[in-house]
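Notes to accompany the following structure.
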Amino acid sequence: MSYAEHFTLALALVAFKELRTPSRITQVLCDHGQEALVQLFDELDDTDRESILEEASALTEKAIRVTMFTDPDYPKSLIKKGRPIAPILFYWGNSDLFHAPSVGMCGSRSATQLGLKAAHACGEEVTRHNMVVVSGYAKGVDTTTHLAALAAGGKTVVVLAEGFNHFRIKRVFSGTFDARRVLVISQFQPSQRWTAYAAMARNGVIYGLSRALVVVEAGEKGGTLAAGQGAMRAGRPVLVLNFGESTPEGNRILVAAGGQSIRSRDELGEAIIGNFSVKNGAEQGELPIFGGSVSGPSESRGDHL
């Protein structure tokens, strides 16, 4: 990592330390650019400046980098009317995946067996169409979709609901967490712990990076339903799984609000081909979306190495 990248990490840490909120960081960057953060860094006392540089060094040792929305490599899909969903993104892994065609996935942390099988099939289907799976790394649906993409030889983006200091690679990913095929993102300062608010904010990055959002299982209230509604407001296609009589209430709500009902793997493939696929010559399979089995355990326990 270059000195410039290391110093940019320090500036990002200064932004959170001194400006605190994403809205204030955004405003300062809009008004004055990163030079304002350089000035804030220069105004720190020696102790605070040394602490910031040490924290930046610790992130550098873990190969964590950062991009701000004023940088040319920041994903443009996260900027609307000149304002970013998140002004600063810390990341690890393949930064090309910021700009790769992708599909977001979301669903219950306490998914049913049917939901997990469907999530696995969706991850495979998106990968078959040469697209990246984006999800939130929570247990249940999120973890299953990440695993399905990697097992199928594809790529995935992990969007954290916490800072990098609290991120660990789960045991179920052992042997598959390849920096060439994975991008891990956090919009939060490294020390921030998981909160329900952070999880809700994280959803905006998931569907912001994605050409569409697939909703596997949504309750009649909660984060998955809110993610689907947010994606609709952002103008993203929302593909909602239809399990017949077993369809969760949140899925029904989203379909009634304009989400596209998806009843099979074929229908998901057709939606991808018809709207936003990267053509790779793959033929459509005949397997139902609920066919096959989930790779790995039926529920991610969140165990860490």
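The values are calculated or read from the model by the stated rules, or taken from the named source; none is laboratory data. Computed from a prediction, not measured in an experiment: that's the story for all the values here. Quick reminder, even Gly has a Cβ in these numbers, built from the backbone with ideal geometry, and neighbours come from all protein chains shown.
Given the residues Asp96, Asp142, which is the only one that is closer than 24 Å to Pro237 by Cβ, among the charged types (D, E, K, R) and surrounded by 21 or more Cβ atoms within 10 Å (Cβ to Cβ)?
Values: Asp96 fails: surrounded by 21 or more Cβ atoms within 10 Å (Cβ to Cβ).
From the options Asp96, Asp142, the qualifying one is Asp142.
Okay, residues lined up against (1) out of contact with any Leu (no Cβ under 6 Å at 6 or more places or on another chain); (2) outside the structural domain of Val66 (by TED's automatic domain parsing); (3) of a type in the set (A, V, I, L, M); (4) without any contact (Cβ under 8 Å) to a residue 12 or more places away in the chain:
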site: Ala151; (1), (2), (3), (4): yes, yes, yes, no
site: Ala196; (1), (2), (3), (4): yes, yes, yes, no
site: Gly204; (1), (2), (3), (4): yes, yes, no, no
site: Leu213; (1), (2), (3), (4): yes, yes, yes, no
site: Gly219; (1), (2), (3), (4): yes, yes, no, no
site: Thr224; (1), (2), (3), (4): yes, yes, no, no
site: Gly228; (1), (2), (3), (4): no, yes, no, no
site: Leu239; (1), (2), (3), (4): yes, yes, yes, no
site: Leu254; (1), (2), (3), (4): yes, yes, yes, no
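Evaluate region 23-34: report whether one residue or more is touching a residue at least 40 places away in the same chain (Cβ under 8 Å), over 22 Å from the mean Cα position of the chain (by Cα) and surrounded by 16 or more Cβ atoms within 10 Å (Cβ to Cβ). Yes: region 23-34 contains one or more residues that are touching a residue at least 40 places away in the same chain (Cβ under 8 Å), over 22 Å from the mean Cα position of the chain (by Cα) and surrounded by 16 or more Cβ atoms within 10 Å (Cβ to Cβ). Return yes or no: is Arg180 in the same structural domain as Arg109 (by TED's automatic domain parsing), within 15 Å of Ala100 (Cβ to Cβ) and assigned to a loop (DSSP other than H, G, I, E, B)? So Arg180 passes the test. One residue alone among Thr67, Thr156, Thr145 is under 15 Å from Leu183 (Cβ atoms), assigned by TED's automatic domain parsing to the domain that holds Leu40 and of a type in the set (Val, Ile, Thr), and that residue is Thr67. Do the conditions hold for Val159, that is, is it buried (at least 19 other Cβ atoms within 10 Å of the Cβ) and touching a strand residue (DSSP E or B) at 6+ places or on another chain (Cβ under 6 Å)? Against the criterion (buried (at least 19 other Cβ atoms within 10 Å of the Cβ) and touching a strand residue (DSSP E or B) at 6+ places or on another chain (Cβ under 6 Å)), Val159 qualifies. With respect to the conditions (1) out of contact with any strand residue (DSSP E or B) (no Cβ under 8 Å at 6 or more places or on another chain); (2) of a type outside the set (S, T, N, Q); (3) over 30 Å from Leu37 (Cα atoms), Val132 falls short on a single one, namely (1). Total residues in region 42-56 satisfying the condition of being touching a helix residue (DSSP H, G or I) at 6+ places or on another chain (Cβ under 8 Å), farther than 19 Å from Leu89 by Cα and part of a helix (DSSP H, G or I): the figure is 2.
Any residue at all in region 89-100 that is hydrophobic (A, V, I, L, M, F, W, C), under 22 Å from Phe167 (Cβ atoms) and in contact with a His (Cβ under 9 Å, 6 or more places away or on another chain)?
Among the residues of region 89-100, not one is hydrophobic (A, V, I, L, M, F, W, C), under 22 Å from Phe167 (Cβ atoms) and in contact with a His (Cβ under 9 Å, 6 or more places away or on another chain), which makes the answer no.
If you check Thr176 against the conditions, is it surrounded by 19 or more Cβ atoms within 10 Å (Cβ to Cβ) and not charged (D, E, K, R)? Against the criterion (surrounded by 19 or more Cβ atoms within 10 Å (Cβ to Cβ) and not charged (D, E, K, R)), Thr176 does not qualify.
Have a look at Ala63, Ala86 and point out the one that is modelled with pLDDT of 95 or more, touching a Pro at 6+ places or on another chain (Cβ under 8 Å), closer than 22 Å to Val184 by Cα and part of a loop (DSSP other than H, G, I, E, B). Talk me through it step by step, then tell me what you get.
Working: Ala63 fails: touching a Pro at 6+ places or on another chain (Cβ under 8 Å).
Selected residue: Ala86, the only one of Ala63, Ala86 that is modelled with pLDDT of 95 or more, touching a Pro at 6+ places or on another chain (Cβ under 8 Å), closer than 22 Å to Val184 by Cα and part of a loop (DSSP other than H, G, I, E, B).
Would you confirm whether any residue within region 235-248 is among the small types (Gly, Ala, Ser), in contact with a Lys or Arg (Cβ under 7 Å, 6 or more places away or on another chain) and either outside any strand (DSSP E or B) or at pLDDT below 95 (or both)? Looking through region 235-248, none of the residues is among the small types (Gly, Ala, Ser), in contact with a Lys or Arg (Cβ under 7 Å, 6 or more places away or on another chain) and either outside any strand (DSSP E or B) or at pLDDT below 95 (or both).
Got a sec? Which strands (runs of 3 or more DSSP E) wholly within region 101-170 have at least 3 residues that are of a type in the set (A, V, I, L, M)?
Filter on region 101-170 gives 132-135, 156-159.
Under the condition of being within 32 Å of the chain's Cα centre (by Cα) and over 12 Å from Ala10 (Cα atoms), the residues counted in region 40-60 number 0.
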